[in-house]
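First comes the structure, then the notes that go with it.
The values are calculated or read from the model by the stated rules, or taken from the named source; none is laboratory data. From a predicted model like this one, the values you see are computed outputs, not experimental measurements. Here the Cβ positions follow ideal geometry from the backbone for every residue, glycine too, while neighbour counts run over all protein chains shown. Keep in mind that these areas ignore ligands, DNA and RNA; they rest on the heavy atoms of the full protein, side chains included. Shrake-Rupley method; radii C 1.70, N 1.55, O 1.52, S 1.80 Å.
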Amino acid sequence: MVQSQLLALLLLILVQCRKQKAHQRASQSMRHAIFQSTRCARFSPDGKFVATGSSDTSIKLFEVAKIKQMMLPDARDARDGPVRPVIRTFYDHLQPINDLDFHPQNTVLISGSKDNTIKFFDFSKMTAKRAFRVIQDTHNVRSVSFHPSGDFLLAGTDHPIPHLYDINTFQCYLSANAPEINDNGAINQVRYSATGGMYVTASKDGTIRLWDGVTANCVRSIAGAHGTAEATSANFTKDQRFVLSSGKDSTVKLWEVGTGKLVKQYLGATHTQLRCQAVFNDTEEFVLSIDEPTNEIVIWDALTAEKVAKWPSNHIGAFRWLEHSPTEAAYVTCGTDRSIRFWKESL
C-alpha cells in the first residue's frame, strides 16, 4: 500500500513539474523583428538562414545571426552602419511564391510558384538574381520538399498526385497505383520524412495521405482527417512515427503513421480561412498554430495537448504562415499585412 501511494505521489510530482516547465517556457517574453511583403517562409536545415517568398514574386534570403543582431538595442555594424539581415534577393518568377525549401547539403534554394514552375537559386553567388535551373510543371506548384539525399524533390500541385522529380534529369514520376482522388484533391502541402522513406500530403479534399518514399505508392489514406474541410498542413515528427496536421476545421491533430489512428487533438485555435500551418517547436515539446479571430499564436503541450499559452502576433489582420526554426527557440510568421516577423524567446 505504501509503495503504491509513493508511486502515485511520484507520478503526480512528475506531471506537475512537466506542466510547470511547459508554462514557464511557453510564457517567456518574446522579441521580434519586422520585414516586408511575404506569404511563405522556410528555415535552412542548420537554422542559419530563413528564406521568404512573396506575392510580388520576390524571394529574400535572411541570415539569422544578423536578424538577431539587429534585434539588439541600438544594433550597429562596425563597418556598414545599420545591420542588414537580407543577404540575397531573387527575382525570377512571374506569379506569387507558394513555398520554398533548402537543399539538404548544398547552397541551393528552390521555390514553387503559381506560374507552374520550380526554380533553383544558388545563394553562394552574391550577384546571382535569377534561377540557374527551372522545372516547368503543368500545374500551380503549391508546395515543394527536397528528399534528404538532395537527389529528388516533391511538388504538391493543383494535380491530386504528388509530382516526384529527379533533379539531375528533371524526369517526373507519378505513382503507379495512386488512389482515386476527386477533382478537389489539390495538394496544400507535401513533406518528406527525415530519412526520405515516406512522404505525406495534406489535400484540399480533407485527406492526409502517406506515400512510400521508394515506390511512390500511397500506403495509407486518412479520409476526412479534418472532416469536410481542407487539410492545410502535414509534417512528420523527427522519429517518423507520427504526423502533425492542421485543417480549416480549426483542429490540429496528431496521427500514428503505422496505423493511421488519431492520437491527439489540439483544440482552442480557430483557422477556417487561410492555408495555415501547425508546427512543432525545435524540441517537439510544444505545438504551435494560428488563431485567426484573435490574430494570436496558440501553443499546446505536445504530450498532454493542454493549451499553455497564447501570444499576440502583432500582425495587422490574420497571418497565413508559421515556421519554426529546426535548431533553436525561434520562429517566423507571415501575415496578410504583407509582413514577416521573426520571433526569438528572451531567456
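How many residues, within the stretch 301-313, are open to solvent by less than 40 Å² (accessible area, probe 1.4 Å) and modelled with pLDDT under 95?
Selection size over the stretch 301-313: 4.
If I filter the stretch 169-178 down to residues being touching a strand residue (DSSP E or B) at 6+ places or on another chain (Cβ under 9 Å) and outside any strand (DSSP E or B), which single residue comes out as nearest to H103 (Cα to Cα)?
F170
Take R130 and decide whether it is surrounded by 13 or more Cβ atoms within 10 Å (Cβ to Cβ), of a type in the set (K, R) and in contact (Cβ under 8 Å) with a residue 40 or more places away in the chain. So that I can check it myself, show each step before the final result.
Numbers: surrounded by 13 or more Cβ atoms within 10 Å (Cβ to Cβ): no; of a type in the set (K, R): yes; in contact (Cβ under 8 Å) with a residue 40 or more places away in the chain: yes.
In short, no.
For a quick check of your reading of the model, give me the residue pairs whose first member lies in the stretch 232-248 and is of a type in the set (G, A, S), whose second is open to solvent by 10 Å² or more (accessible area, probe 1.4 Å) and not in a strand (DSSP E or B), with beta-carbon atoms closer than 8 Å and at least 6 apart or on different chains.
Pairs that qualify, where the first residue is of a type in the set (G, A, S) and the partner is open to solvent by 10 Å² or more (accessible area, probe 1.4 Å) and not in a strand (DSSP E or B), are S233/R275; G247/G227; G247/A229; G247/E230.
Having 2 or more residues that are open to solvent by 20 Å² or more (accessible area, probe 1.4 Å) is the bar; report the strands (runs of 3 or more DSSP E) wholly within the stretch 192-263 that clear it.
Ranges flagged: 218-222, 231-236, 252-256.
Is it the case that some residue within the stretch 135-151 is assigned to a strand (DSSP E or B), of a type in the set (D, E) and in contact with a strand residue (DSSP E or B) (Cβ under 7 Å, 6 or more places away or on another chain)?
From the stretch 135-151, those assigned to a strand (DSSP E or B) are 135-136, 141-146; that's our starting set.
Add one more test, that the residue is of a type in the set (D, E), and what stays is none.
No, the stretch 135-151 contains no residue that is assigned to a strand (DSSP E or B), of a type in the set (D, E) and in contact with a strand residue (DSSP E or B) (Cβ under 7 Å, 6 or more places away or on another chain).
So R130 passes all but one of these: (1) charged (D, E, K, R); (2) closer than 27 Å to P85 by Cβ; (3) not in a loop (DSSP other than H, G, I, E, B). Which condition number does it fail?
With (1) charged (D, E, K, R); (2) closer than 27 Å to P85 by Cβ; (3) not in a loop (DSSP other than H, G, I, E, B) applied to R130, the lone miss is (3).
Here is a check on your reading of the model: is L11 modelled with pLDDT under 50 and not in a strand (DSSP E or B)?
yes
Per-residue answers, yes or no, for (1) open to solvent by 50 Å² or more (accessible area, probe 1.4 Å); (2) modelled with pLDDT under 95:
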site	(1), (2)
R79	yes, yes
V83	no, yes
V86	yes, yes
F90	no, yes
H93	no, yes
I110	no, no
K119	no, no
V141	no, no
S145	no, no
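Residues that are over 23 Å from A234 (Cβ atoms): find the strands (runs of 3 or more DSSP E) completely inside the stretch 270-347 holding 2 or more of those.
Qualifying strands (runs of 3 or more DSSP E): 307-312, 339-345.
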